[in-house]
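Visitor: Before we start, here is the structure in question, set down as structure tokens.
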Amino acid sequence: MSAQLVVVLLSLLLGIQPITTDLYLPALPALTLDLSGSMMQAQLTLTALSLAFGVSQLFWGPLSDRFGRRPILVWGMSFFTLASVGSTLAPTIELLIVWRVIQGAAMGAAVSSARAIVRDLYGPVEGARAMSKGLTGLGVLACFSGPTGAATSYFFGWRASMACIVIFGLVTTVVLFMRFIETNPHKNPRALQPRVLAGNWTIIAKTPAFWAYTALSIAAYSALFTFLAASAFVFLEVLKVSKLTFGFTMLAVSLSYISGTFLCRRLIVRWGIRRALHLGGYVSLGAGTVLGVMPLLGIVGYWSVFVPLLVLLIGHGIHQPCSQSGAVSPFPKMAGAASALNGFLMMACAFAIGTWLARTMDGTVQPLTSGIWFWTVCIAFCAWFLVPKWGDVAAKPAPTP
């Protein structure tokens, strides 16, 4: 496959996350009302999907190490498309939650395989740059997701937003089937044997670089997920902006994230991964602190939330490519398993955040701003201390059991 095709495929596979979440976020209050659901049930349509997404990666990752990336991707995206149809037609919020869980489980095949593909094809530094390009594509899809979800929900109802996810799933499945060529040169016929699985997990768990980069990816994604899970209610219900304004807010945030991924690629070439992450720590912590302090000073409004979020997403564009590629770099022969564990831990934390937000959303901006502030402190700690101490190990492949 050409380098350009690889970037397109990575963009589609990684972009499944904003497509599945951002497209329906503007419609979340409307679908909750239409299906007579509670705030907790509305949050479950997002958090239950995230938990299923995380857990499923523990299965998809070893499966892709055993059978290759291509069959796992084609089957996973097929199930995703079918679940998207079910979500679009769901008559009750309970059934919607069930279909979203299946959607999340199928998503795990796409994202865990995408991270493994990067390790199949590239070394640590090149992998970070390739991941950055793929995440730029994710940002472009996120740019369209917010406004598209807002417009379709506003003019045609929330089911139209869900139908857009069906179209994306169908297109991605066809592209994979027609153009994707297997990238796993080390298919392991013993990858699913309990003894080998246990050995792989043990090696991964004993690799300090994995934990340094995984801790950073968890903290960075947790800050983003706090925003995603609370943004619809904060902007639409608390700050009283229109759906279209919220859609363009998501567009601006996505553009900010894209600029962060471009900055990431330049910083990696000029400074290397560690120094790039060091700078990103200042960007994220500064934005999180401003966002958290403003409400404490009695300053609450659209711009006091929106502007720090723009800066925060620049930092996110630096942290995510480096942390996700760094977590799998030591494992060329078990990249699927390493990617799976990294993804599972991120989504398990996201599920906990969503559950916490469902219980703490009190009609103010405080849960969103305080939550993001906490996670930016964690980001800075990982970027300034954990990665410099343990991250260089990512350049050395781990042994194979």
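The values are calculated or read from the model by the stated rules, or taken from the named source; none is laboratory data. These numbers were taken from a predicted model, which means no experiment stands behind them. Glycine gets a Cβ as well: all are built from the backbone with ideal geometry, and neighbour counts include every protein chain shown.
Visitor: Quick one: in the stretch 194-213, of everything that is within 16 Å of Gly326 (Cα to Cα) and not β-branched (Val, Ile, Thr), which residue is farthest from the chain's Cα centre (by Cα)?
Guide: Lys206
Visitor: For the stretch 246-255: of the residues being modelled with pLDDT of 85 or more and either surrounded by fewer than 21 Cβ atoms within 10 Å (Cβ to Cβ) or touching an Asp or Glu at 6+ places or on another chain (Cβ under 8 Å) (or both), which is farthest from Gly15 (Cα to Cα)?
Guide: Ala252
Visitor: Is it fair to say Ser222 is at pLDDT below 90 and within 20 Å of the chain's Cα centre (by Cα)?
Guide: Taking the combined requirement at face value, the residue does not satisfy it.
Visitor: Now a separate question. Got a number for residues in the stretch 127-149 being more than 15 Å from Leu14 (Cβ to Cβ) and at pLDDT 80 or above?
Guide: Number satisfying all stated conditions: 2.
Visitor: Pick from the stretch 21-79 the residues that are among the hydroxyl-bearing types (Ser, Thr, Tyr) and in a helix (DSSP H, G or I): which of them is nearest to Ala116 (Cα to Cα)?
Guide: Among residues in the stretch 21-79 that are among the hydroxyl-bearing types (Ser, Thr, Tyr) and in a helix (DSSP H, G or I), the one nearest to Ala116 (Cα to Cα) is Ser64.
Visitor: Confirm whether Ala337 is farther than 20 Å from Phe225 by Cα and in contact with an Asp or Glu (Cβ under 9 Å, 6 or more places away or on another chain).
Guide: yes
Visitor: Within the stretch 60-71, how many residues turn out to be within 19 Å of the chain's Cα centre (by Cα) and modelled with pLDDT of 85 or more?
Guide: Looking only at that region, the number is 1.
Visitor: Among Ser217, Ser259, which is the only one that is under 15 Å from the mean Cα position of the chain (by Cα) and more than 23 Å from Gln366 (Cβ to Cβ)?
Guide: Ser217
Visitor: A follow-up question, please. Which residues, counting only those in the stretch 340-365, are farther than 15 Å from Tyr221 by Cα, in contact (Cβ under 8 Å) with a residue 60 or more places away in the chain and polar (S, T, N, Q)?
Guide: Correct list: Thr355, Thr364.
Visitor: List pairs: first in the stretch 373-401 and assigned to a loop (DSSP other than H, G, I, E, B), second modelled with pLDDT under 95 and not polar (S, T, N, Q), Cβ under 6 Å, 6+ apart or cross-chain?
Guide: Pro397/Pro330; Pro397/Pro332; Ala398/Ile203; Ala398/Pro330; Ala398/Phe331; Thr400/Lys333; Pro401/Gly199
Visitor: Can you tell which of Val118, Val175 is touching a Ser or Thr at 6+ places or on another chain (Cβ under 9 Å) and in contact (Cβ under 8 Å) with a residue 12 or more places away in the chain?
Guide: Val118
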